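First up is the structure itself, then whatever we jot down about it.
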Amino acid sequence: MTSDLPARFRTQVVGVALVDDAHHPTAFLAAQRAYPETLRGLWEFPGGKQEPEESAEDALVRECAEELSVRVELLAEISGPHAQGWPLSEKAAMRVWTGTTADTPVVGTDHLAVRWVPSSDPDAVLALPWIPADLPIVRALLGQLAP
């Protein structure tokens, strides 16, 4: 819960790298931010803020339903450098999981677009304009998905 976080990570964010196949992934879902204006058009992992009364996993399931209209099955966490995951700022950190869905993601108001990104071409994946804080997570994910 966010109240258990150290002062520098008061906000807990959760994200998911939805993969196309749990056992032999070849692509993952990226979402293009609609707002705020400073992040508009940049790519990210879908997700959002964890509420104080919910677990990180429950928050992620809720966020995916709200943002993409999908039910997700979470797989493994992509471990970050801190117990709270990956630093986003001085006060926020993000925990990220891989996951799958049988549903077709729907573009809602949070995103301009969603797309499946083939993991077989890491240079092309890294060439996308990612939110800077997500880039180390993208690199870690590519390392996990490499054959």
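Within region 1-57, the residues that satisfy the criterion of being of a type in the set (D, E, K, R), modelled with pLDDT of 95 or more and touching a strand residue (DSSP E or B) at 6+ places or on another chain (Cβ under 8 Å) are Asp20, Asp21, Arg33, Arg40, Glu44, Lys49, Glu57. Scanning region 81-102 for residues that are in a strand (DSSP E or B) and over 25 Å from Arg40 (Cβ atoms) yields His82, Trp97, Thr98, Gly99, Thr100. Residues that are loosely packed, with under 14 Cβ neighbours inside 10 Å, among the polar types (S, T, N, Q), assigned to a loop (DSSP other than H, G, I, E, B) and more than 16 Å from the chain's Cα centre (by Cα) are absent from region 66-80 altogether. Within region 8-38, the residues that satisfy the criterion of being touching a residue at least 12 places away in the same chain (Cβ under 8 Å) and loosely packed, with under 15 Cβ neighbours inside 10 Å are Arg8, Arg10, Asp21, Ala22, Thr26, Tyr35.
Evaluated against (1) crowded, with 17+ Cβ neighbours inside 10 Å; (2) of a type outside the set (A, V, I, L, M); (3) without any contact (Cβ under 8 Å) to a residue 12 or more places away in the chain, Gly48 falls short on exactly one condition, (3). Summed over region 89-109, residues that are open to solvent by 60 Å² or more (accessible area, probe 1.4 Å) and either among the charged types (D, E, K, R) or in contact with a strand residue (DSSP E or B) (Cβ under 6 Å, 6 or more places away or on another chain) (or both) total 3.
Evaluated against (1) in contact with a Ser or Thr (Cβ under 9 Å, 6 or more places away or on another chain); (2) at pLDDT below 95; (3) in a loop (DSSP other than H, G, I, E, B), Pro105 falls short on exactly one condition, (2). Answer yes or no: is there a residue in region 123-136 that is part of a strand (DSSP E or B), on the phi < 0 side of the Ramachandran plot and either free of Cβ contacts under 8 Å to residues at least 40 places away in the same chain or not hydroxyl-bearing (Ser, Thr, Tyr) (or both). Scanning region 123-136, I find at least one residue that is part of a strand (DSSP E or B), on the phi < 0 side of the Ramachandran plot and either free of Cβ contacts under 8 Å to residues at least 40 places away in the same chain or not hydroxyl-bearing (Ser, Thr, Tyr) (or both), so the answer is yes.
Every residue, every condition in (1) touching a Phe, Trp or Tyr at 6+ places or on another chain (Cβ under 8 Å); (2) aliphatic (A, V, I, L, M), yes or no:
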{"position": "Thr101", "(1), (2)": "no, no"}
{"position": "Thr104", "(1), (2)": "no, no"}
{"position": "Thr109", "(1), (2)": "no, no"}
{"position": "Val114", "(1), (2)": "no, yes"}
{"position": "Ala124", "(1), (2)": "no, yes"}
{"position": "Leu128", "(1), (2)": "yes, yes"}
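The values are calculated or read from the model by the stated rules, or taken from the named source; none is laboratory data. Remember, predicted model here, so these are calculated numbers, not experimental data. Reconstructed Cβ throughout: ideal geometry from the backbone, glycine too, with neighbour counts over all protein chains shown. Note: areas computed on protein heavy atoms with side chains; ligands, DNA, RNA excluded. Shrake-Rupley method; radii C 1.70, N 1.55, O 1.52, S 1.80 Å.
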